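Contents: one structure, followed by commentary.
The values are calculated or read from the model by the stated rules, or taken from the named source; none is laboratory data. Worth saying up front: this structure is predicted, and the values here are computed from it rather than measured. Cβ sites come from the backbone with ideal geometry, for glycine too, and all protein chains shown count toward neighbours.
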Amino acid sequence: MNGNASLVLAIIAYVAVAVTTVAYAVLVRKAKLADPILQFVFFLSLFVLPLPVRVCMTLDIEGDVTDHLAELLPYVPEAVFLTAMGLVIFAFAYYSRAGVLIGDYLPRVRGGGRWRLAFVLLAVLSLFLIFQLAASAGGLLGFLLLGYNVTAETIGKGYLAMGFTWLFVAAMFLLYGYALERKTRHLVAFVVAFGVVVLMHLLMARRAVLLFMGLAVWLFWHHAIRPVKPRSLLIAGGVCFLALNALGGLRSSAYEGFDDLWAKTTKNWDGLVNSDGHGFVYTLTTGEFVVPFETLPQMIESVGSTVSPEFGMTYLRAPLQVIPQALYPGRPLPLANWYVARFYGGGWGFNEARQFFFIAEGYLNFGIPGVILTMLVWGFFLRAIRQYSHAAKGDPSVALVCSLVVAFIPNAISSDSIALLVGLPETSLVAALIGLWITRLGSRKGEAALLGSQPAPQS
């Protein structure tokens, strides 16, 4: 066993805090699986525990495990302890009165009955952006057949790439319509549209987006249509986890056509099956879930010695990412790219980065107080979202906005503040708010009567 006693104690401390937090939320506060606090603790643990647990068993460098593992090893226990402490702070903030007050004072979004128009206009705009993006690859099919190499094609074109997630939001207005009118044909239309969007992202192997979309659909269904039973959710979640791992093993790039797509996928499937099951869980051992957390021990080692504290500047620079790189070539690098350039040397493409853990950004700015402040803000924020959703009593318009926010938790945890301050609004929230505004065009009284006639589901 390569892990020292302090690392084992840190892991035990974190697990104890996480279990206690969940137990308190469920047994005392009667939290449900869809509540933001349980989503946060679950995904935080997925990004915190895999690397420290792996270090306790082996220091071998495989897959996405950092080459700097031996150098970072002395700082991993402190990183785990800090995260456990931060989780305590988060739970305190989440169940404080401040988050409730914030949620009560947030402006209430309103929706109307013209959801068909919202779907059509958002879909047309999304497809326009997608076809503009795909033009350089010879069209949409050629673009999709780039596989996971599409990331390189979107560099400097994020304003066009958001068409893919806006198309998903457009499809969500079909489900919004079903929540209002409960007609089967509307649900069928959503399933077809959602299936098309999912197929696109499967070809591009965009697993983070697929996870986001799946979470958003579940949360909206749970809050606006009908509560999902925990057993069904756990089974579906387990299947989806294995499927997304399998997608990582099956993905490839630069397909020359559907025959080449089938040939490469079949070959990769054979390798997946012969991996003794490792390929279906590799994200927990050598894949995505072992990457972001490495940035926290790296910051603990470096800030104050080889790296100067930022004192909040990374948060102030984050909104600059809204400006397209084509218009602002000197735009500051996101922390993920800065991190690779600083600790892995030059020669890396803009699409080649290491995800920067959200707590690590707090440490980079203010040290240990930065960790505390980060978790306080997250606690207040997610409590406000929960209060905002609860007060709406199943209103589909509020459920849509809150579902998109809560579904973004995994992306926000594994990234710096750019994800939350820029990525979330740009990829989904702005589209949802535009769509809800469109649904209110026309007779306000008719829309109010339509919304007021809907029974509020208990969630």
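Go over the candidates Ala318, Ala326 one by one and state the one that is crowded, with 20+ Cβ neighbours inside 10 Å and among the hydrophobic types (A, V, I, L, M, F, W, C).
Details: Ala326 fails: crowded, with 20+ Cβ neighbours inside 10 Å.
Just a single option satisfies the conditions, and that option is Ala318.
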Q) From the list Ala152, Ala205, Ala161, Ala193, which one is in contact with a Leu (Cβ under 7 Å, 6 or more places away or on another chain) and more than 30 Å from Trp437 (Cα to Cα)? A) Ala205
Q) Within the set of pairs 6 or more residues apart or between chains, which connect a residue that is under 20 Å from Met57 (Cα atoms) inside region 279-300 to a residue that is of a type in the set (Lys, Arg) and buried (at least 20 other Cβ atoms within 10 Å of the Cβ) with Cβ atoms less than 6 Å apart? A) Val291/Arg354
Q. Looking at Thr21, is it touching a Phe, Trp or Tyr at 6+ places or on another chain (Cβ under 9 Å) and over 18 Å from Glu301 (Cβ atoms)?
A. yes
**Q.** Test result for Phe143, aromatic (Phe, Trp, Tyr), closer than 17 Å to His201 by Cα and either surrounded by 14 or more Cβ atoms within 10 Å (Cβ to Cβ) or touching a residue at least 24 places away in the same chain (Cβ under 8 Å) (or both)
**A.** yes
Q.
Here is a list: Ser305, Ser253, Ser275. Which entry is in contact with a strand residue (DSSP E or B) (Cβ under 8 Å, 6 or more places away or on another chain), farther than 20 Å from Ala407 by Cα and surrounded by fewer than 18 Cβ atoms within 10 Å (Cβ to Cβ)?
A. Ser253
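Yes or no: Ala246 under 25 Å from the mean Cα position of the chain (by Cα), assigned to a helix (DSSP H, G or I) and modelled with pLDDT under 90? Steps first, answer last, please.
On the way: under 25 Å from the mean Cα position of the chain (by Cα): yes; assigned to a helix (DSSP H, G or I): yes; modelled with pLDDT under 90: yes.
Taking the combined requirement at face value, the residue satisfies it.
Would you point out which residue out of Arg185, Arg226, Arg207, Arg231 is basic (Lys, Arg) and within 21 Å of the chain's Cα centre (by Cα)? Full working, then the answer.
On the way: Arg185 fails: within 21 Å of the chain's Cα centre (by Cα); Arg226 fails: within 21 Å of the chain's Cα centre (by Cα); Arg231 fails: within 21 Å of the chain's Cα centre (by Cα).
It is Arg207.
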Q. Quick one: in region 218-246, which of the residues that are crowded, with 19+ Cβ neighbours inside 10 Å and free of Cβ contacts under 8 Å to residues at least 60 places away in the same chain is farthest from Phe280 (Cα to Cα)?
A. Trp221
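Results for (1) in contact with a Gly (Cβ under 7 Å, 6 or more places away or on another chain); (2) acidic (Asp, Glu); (3) assigned to a loop (DSSP other than H, G, I, E, B), shown as yes or no for each residue.
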position	(1), (2), (3)
Val26	no, no, no
Phe40	no, no, no
Asp60	no, yes, yes
Thr66	no, no, yes
Leu72	no, no, no
Tyr75	no, no, no
Glu78	no, yes, no
Phe81	no, no, no
Gly103	no, no, no
Q. Can you tell me which residues in region 50-65 are buried (at least 20 other Cβ atoms within 10 Å of the Cβ), more than 30 Å from Phe220 (Cβ to Cβ) and either touching a Leu at 6+ places or on another chain (Cβ under 7 Å) or among the acidic types (Asp, Glu) (or both)?
A. Pro52, Val55
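Do the conditions hold for Leu141, that is, is it more than 20 Å from the chain's Cα centre (by Cα) and either part of a helix (DSSP H, G or I) or closer than 29 Å to Leu242 by Cβ (or both)? Working first, answer last.
Working: more than 20 Å from the chain's Cα centre (by Cα): yes; either part of a helix (DSSP H, G or I) or closer than 29 Å to Leu242 by Cβ (or both): yes.
The answer is yes for Leu141.
Of all residues in region 5-37 being of a type in the set (Ser, Thr, Tyr) and surrounded by 17 or more Cβ atoms within 10 Å (Cβ to Cβ), which is nearest to Ala360 (Cα to Cα)? Outline the logic, then answer.
So the first thing to find is which residues in region 5-37 are of a type in the set (Ser, Thr, Tyr), and the list is 6, 14, 20-21, 24.
Still in the list and also surrounded by 17 or more Cβ atoms within 10 Å (Cβ to Cβ): 14, 21.
On the way: Tyr14: 17, Thr21: 22 Å.
In this case the residue turns out to be Tyr14.
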Q | Condition broken by Ala216, with the remaining ones in (1) more than 20 Å from Leu400 (Cα to Cα); (2) touching a Leu at 6+ places or on another chain (Cβ under 9 Å); (3) modelled with pLDDT of 90 or more satisfied | A | (1)
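Taking the condition modelled with pLDDT of 90 or more, surrounded by 13 or more Cβ atoms within 10 Å (Cβ to Cβ) and under 27 Å from the mean Cα position of the chain (by Cα), does Ile300 pass? Outline the logic, then answer.
Values: modelled with pLDDT of 90 or more: yes; surrounded by 13 or more Cβ atoms within 10 Å (Cβ to Cβ): yes; under 27 Å from the mean Cα position of the chain (by Cα): yes.
Criteria met by Ile300.
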Q) Just checking, which of Phe40, Phe47, Phe81, Phe90 is under 17 Å from Thr295 (Cβ atoms) and either crowded, with 21+ Cβ neighbours inside 10 Å or in contact with a His (Cβ under 7 Å, 6 or more places away or on another chain) (or both)? A) Phe47
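How about region 201-210: which of its residues are surrounded by 18 or more Cβ atoms within 10 Å (Cβ to Cβ) and assigned to a helix (DSSP H, G or I)?
Our first condition is that a residue be surrounded by 18 or more Cβ atoms within 10 Å (Cβ to Cβ); within region 201-210, this holds for 201, 203-207, 209-210.
Result: His201, Leu203, Met204, Arg207, Val209, Leu210.
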Q: Could you check how many residues of region 121-142 are out of contact with any helix residue (DSSP H, G or I) (no Cβ under 8 Å at 6 or more places or on another chain) and within 28 Å of Leu400 (Cα to Cα)?
A: 1
